[in-house]
Amino acid sequence: MAYTRTSISIPSHLLIAFMLPFLLYAYCAAPTVALEDDGFFILNAYFSSVNHPPGYPLFSMIGKLFTYLPIGSVAYRVHLVSALFGALTCLMLWYIVYHLLNSAILAYIASLSLATSSTFWSQAVIAEVYTLNTFIFFSLFALGMAISNSSNHQSIQRLLLLFSFLYGLGLANHWPLLVMATPGLIILLWPHRLMFFKSLHYQLICLSLGLTPYIWMVYRSQAQPAANFMGPILTASSFLDYVSRKDFAGTDNNMLATYKDKINLIAFAIRETVAQFSYIGTVLILLGFHQQHKETNQRYYYAALASIISTFTILFWKINFNYDALYTAAFKVYPLVTYGLLTLWLAMGIQAALKYAKIAIVLLLLPLGLFATNIKQNDRSDYDWSERYSKTVLHSLPANAIAIVDGDIDMGTLAYFHLIENFRPDITLYTYNGLVLGNRLYSPRSSISERATIINRLVRTTDRPIITTKKIPGLNARLVDNGLYFHVQPTNHQPSAKIKFSEEFWDFFEKELPTIPYHKDAWSQFHQELITERFGQLVGLHLYTSEHSKYMPYADRLQASYFGSLGLVNGILLRNRADNSVYQNELIPLLKRLIETAPNDLTKPYKSRPHTALGIIYTRIGEKQLALESLKRSVAEFPHQDNQAVKLLGNIIGDKLK
């Protein structure tokens with residue numbers, strides 16, 4: 001067949017297969033810190049420190065080298081790590097498909113289809129460990145193929161040793177995902193299992209050499225770097241707890257997740273898998289799967305299928321996530337290896353289609369179609385949301401302030417600009433949960449009461465201004481809401497207004513409100529939604545007051561947003577008891593509309609909020625039965641003590657018992 005012929009050398013093909021995606025990723029990479037775990041990985045690379053469990057020491061070591069590149073910001077340099085290994089993954093995939101189908105063109109279609117697929121592309125333009133994991137897996141897969149094809153005893157021995165070393169390196173990056181996909185690798189090595197076990201002691205030595213980044217991780221954890229996720233690792237048991245993700249068990253298994261969440265997550269995974277290569281690509285994958293029985297090297301496809309089945313089986317068995325936008329955004333990157341393996345059948349499907357109809361040659365344009373579909377979402381070359389937010393917050397802080405921040409968004413981004421770009425060197429940054437930064441006030445494992453005791457002592461003994469982005473439980477001080485954070489005032493100070501929004505806050509929101517609809521990145525979108533809610537609260541505080549007409553235009557725009565509407569209602573309920581007509585004619589219809597139109601992937605706390613607000617309003621206008629029903633619905637949506645409806649429901653039931 002003409003499309004299998006090539007006059008270009010294999011090394012030249014490999015160079016092209018690498019350079020095309022690398023140039024794409026380097027162009028689209030975010031120029032500054034992004035959200036999700038991006039800030040954490042940049043901090044750990046820059047300070048040669050330890051990330052969240054299991055630590056990802058290999059990525060941190062490689063990332064440190066990239067921080068010395070003489071190009072762009074530190075954040076961009078570390079983003080290039082993901083770009084590099086994303087492109088190398090495509091190179092390895094080209095090599096695998098070429099050796100399976102003996103077609104350079106089909107190898108390009110497979111590798112470039114993965115390169116331009118939405119999820120893989122998204123992870124190649126920020127600091128994350130997933131493209132390094134896919135590169136290691138596909139390198140192991142290619143090694144397994146080489147071992148299977150070799151009849152030279154010495155060559156097989158050398159390749160097996162290299163395989164063990166590379167597998168160890170993979171375990172030092174993201175061991176859970178590599179282990180999930182391992183059954184396919186076992187199938188590749190199975191014909192040479194006796195040779196493997198005869199040299200088991202050498203295999204274990206090479207595996208151990210690959211695991212040496214964990215030694216570096218323990219050493220750096222004890223060196224007191226400026227960023228160090230959970231502090232020093234001092235004992236063997238604490239090391240095993242860290243690597244096994246014991247402290248993250250609650251993240252992988254959410255106590256509020258139900259069987260409905262599991263079903264929704266499975267359905268989401270199916271939709272995402274189809275979306276990676278479009279409906280056309282999915283049909284081609286199924287066609288390729290149908291054609292598989294005609295191939296002479298079926299063991300490679302069985303190996304790929306085993307890795308796909310094992311990955312999804314273990315994910316659905318072990319992961320208990322709530323079904324919402326953030327959890328699905330976290331989940332969808334886990335099957336990246338399976339997406340790459342599916343391109344083997346994609347290439348085979350195109351090969352079969354070309355045999356049946358010459359018109360099928362247009363299928364060779366599939367990567368261009370994926371590129372056109374996904375470029376808008378994954379081109380982050382102009383991304384600056386986190387920079388605008390972080391610098392607004394940091395710039396507005398009082399001189400010499402102590403800032404206690406909370407949440408992934410604030411911890412990663414504020415710490416990046418403060419510690420790496422040296423923005424506002426006069427302040428001191430702490431994290432409320434004791435994670436991420438090395439200058440922790442207390443252990444990450446400290447209780448809420450222990451944290452409150454230490455922070456209360458700090459408030460009493462320092463004359464420096466203190467701000468917090470979190471309402472701290474057990475805090476014996478007044479909190480003045482600035483809009484972007486809270487000023488902490490000792491109780492012996494003259495009381496001031498509980499809500500005193502700053503000019504910086506107002507200017508920031510006026511600039512950001514026109515950005516609705518938001519950035520398509522789930523994490524930035526969620527953060528912008530929270531900001532919109534805060535702005536809505538500010539506007540709501542001034543509605544139905546003497547300044548009503550001034551703020552009403554903002555209210556009209558905010559009502560287009562679920563979060564903006566919630567903020568408006570919350571502001572009105574906080575500031576005043578409006579006339580019953582306002583409740584009945586405006587707020588109740590608005591809240592009912594929010595309940596009816598709530599996105600299916602909304603977080604459970606935010607699904608419950610309109611019901612809680614209705615419960616408060618019905619209580620105020622004397623409709624106790626309706627209040628009871630609304631609060632029960634709120635608790636059903638979010639059955640947790642943090643839900644305000646739990647306490648309100650208890651009060652109503654208590655009043656009835658009296």
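The values are calculated or read from the model by the stated rules, or taken from the named source; none is laboratory data. The shown structure was predicted, so the numbers you read here are calculated from the model rather than taken from an experiment. Positions of Cβ are generated from backbone atoms using ideal geometry, with glycine treated the same way; all protein chains shown enter the neighbour counts. We work out accessible area using only protein heavy atoms, side chains counted, and drop any ligands, DNA or RNA first. Shrake-Rupley method; radii C 1.70, N 1.55, O 1.52, S 1.80 Å.
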- Plugging the Cβ-Cβ distance of THR462 and LEU240 into 1/(1 + (r/R0)^6) at R0 = 30 Å yields, to the nearest 0.05, a FRET efficiency of 0.20
- Note on the structure: Yeah, the range 406-450 with a ≥ b ≥ c from its alpha-carbon gyration tensor (a/c under 1.5 is rounded, else prolate when a/b outruns b/c, oblate otherwise) is prolate
- Query: Which whole-Hz couplings ³J(HN,Hα) result when phi for each residue of the range 590-600 is put into the Karplus expression 6.51 cos²θ - 1.76 cosθ + 1.60, θ = phi - 60°, listed in order with x for Gly and Pro?
  - Reply: 4, 5, 5, 5, 4, 5, 6, 9, 4, x, 5
- Query: What list of ³J(HN,Hα) values in whole Hz, one per residue of the range 603-616 in order, does the Karplus curve 6.51 cos²θ - 1.76 cosθ + 1.60 (θ = phi - 60°) give from phi, with Gly and Pro shown as x?
  - Reply: 5, 4, x, 7, 5, 7, 4, x, 5, 4, 4, 4, x, 5
- Task: Quick one: which residues, 5 or more positions from LEU256 or on another chain, have an amide H under 5 Å from its amide H? H modelled 1.01 Å from N in the peptide plane, none for Pro or chain starts.
- Result: none
- Using amide H atoms built 1.01 Å from N in the peptide plane, name the residues 5+ places from ALA227, or on other chains, whose amide H lies under 5 Å from its own. GLY438
- Query: Between SER73 and residues 5 or more places away or on another chain, which pairs have amide H atoms under 5 Å apart, with H built 1.01 Å from N, and which residues are they?
  - Reply: none
- Message: Nearest 500 deg cm²/dmol is fine: what mean residue ellipticity at 222 nm does the chain get from its DSSP H runs of n ≥ 4 alone, each adding -39,500 (n - 2.57), divided by its residue count?
- Response: -20500 deg cm²/dmol
- Task: Rank-order 240-246, 485-491, 422-428, 120-126 by packing density, defined as the average count of other C-beta atoms within 10 Å over each peptide's residues, highest first.
- Result: 120-126, 485-491, 240-246, 422-428
- Note on the structure: For the range 159-209, dividing by residue count, accessible area per residue (probe 1.4 Å) in Å² works out to 47 Å²
- Past 26 Å, Cα to Cα, is the threshold; run LYS391/LYS604; LYS262/LYS647; LYS604/LYS647; LYS260/LYS632; LYS376/LYS471; LYS471/LYS604 against it and keep the listed order. LYS391/LYS604; LYS262/LYS647; LYS376/LYS471
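Out of all DSSP beta bridges in the chain, what portion is antiparallel? Express it as a percent rounded to 5.
50 percent
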- Using only alpha carbons, build the gyration tensor for the range 544-658 and give me the equivalent ellipsoid semi-axes, biggest first, whole Å. 24, 18, 11
- Note on the structure: Working note, the chain: Cα radius of gyration (Å, one decimal) and Dmax (Å, whole number) are 27.5, 90
- Task: Rounded to the nearest 0.05, what FRET efficiency do LEU365 and ILE71 give with R0 = 30 Å and r taken as the Cβ-Cβ distance? Could you check?
- Result: 0.35
- Item | Listed residues TYR25, TYR323, TYR259 arranged by accessible area, highest first, probe 1.4 Å | TYR259, TYR323, TYR25
- Query: Looking at ILE466, GLN351, GLY438, which one has the Cα that reaches farthest to the positive end of the dipole of the chain (charges on Cβ: Lys, Arg +1; Asp, Glu -1)?
  - Reply: GLN351
- Message: How big is the range 1-113 along each principal axis, measuring the range of its Cα positions in Å and listing the largest first?
- Response: 53, 29, 22
- Accessible surface of HIS153 in the full protein assembly, 1.4 angstrom probe, to the nearest 10 Å²? 110 Å²
- Label-point separation, HIS640 to ASN400 (7 Å along Cα→Cβ), nm: 3.9 nm
- Message: Using the Karplus curve 6.51 cos²θ - 1.76 cosθ + 1.60 with θ = phi - 60°, what ³J(HN,Hα) values do you get for each residue of the range 261-266, in whole Hz, with x for Gly and Pro?
- Response: 4, 4, 4, 4, 5, 5
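In the chain, what percent of the accessible surface is made up of carbon and sulfur (1.4 Å probe, ligands and nucleic acids excluded)?
60 percent
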- The orientation-averaged projected area of the Cα convex hull of the range 31-89, in nm², is 4.0 nm²
- Message: Taking the solvent-accessible surface of protein heavy atoms with a 1.4 Å probe, what is the per residue accessible area of the range 383-422 in Å²?
- Response: 29 Å²
- Task: Report the percentage of all Cα-Cα pairs in the range 100-226 whose separation exceeds 24 Å, rounded to a whole percent.
- Result: 40 percent
- Shape metrics for the range 437-493, restricted to C-alpha atoms - Rg then Dmax, Å: 11.4, 32
- For the range 608-650, take the alpha-carbon Rg, divide it by the Kirkwood Rh, and send me Rg/Rh. 0.93
- Item | Dipole magnitude of the chain, debye to nearest 20 (Cβ charges: Lys/Arg +1, Asp/Glu -1, about Cα centre) | 1140 debye
- Task: Work out Dmax and Rg for the range 258-416 from the C-alpha atoms and quote the Rg first, both in angstrom.
- Result: 21.7, 73
- FRET efficiency, GLU450 to ASN254 (Cβ-Cβ, R0 22 Å, nearest 0.05): 0.35
- Item | Residue-level accessible surface for LYS471, protein heavy atoms, 1.4 Å, Å² | 140 Å²
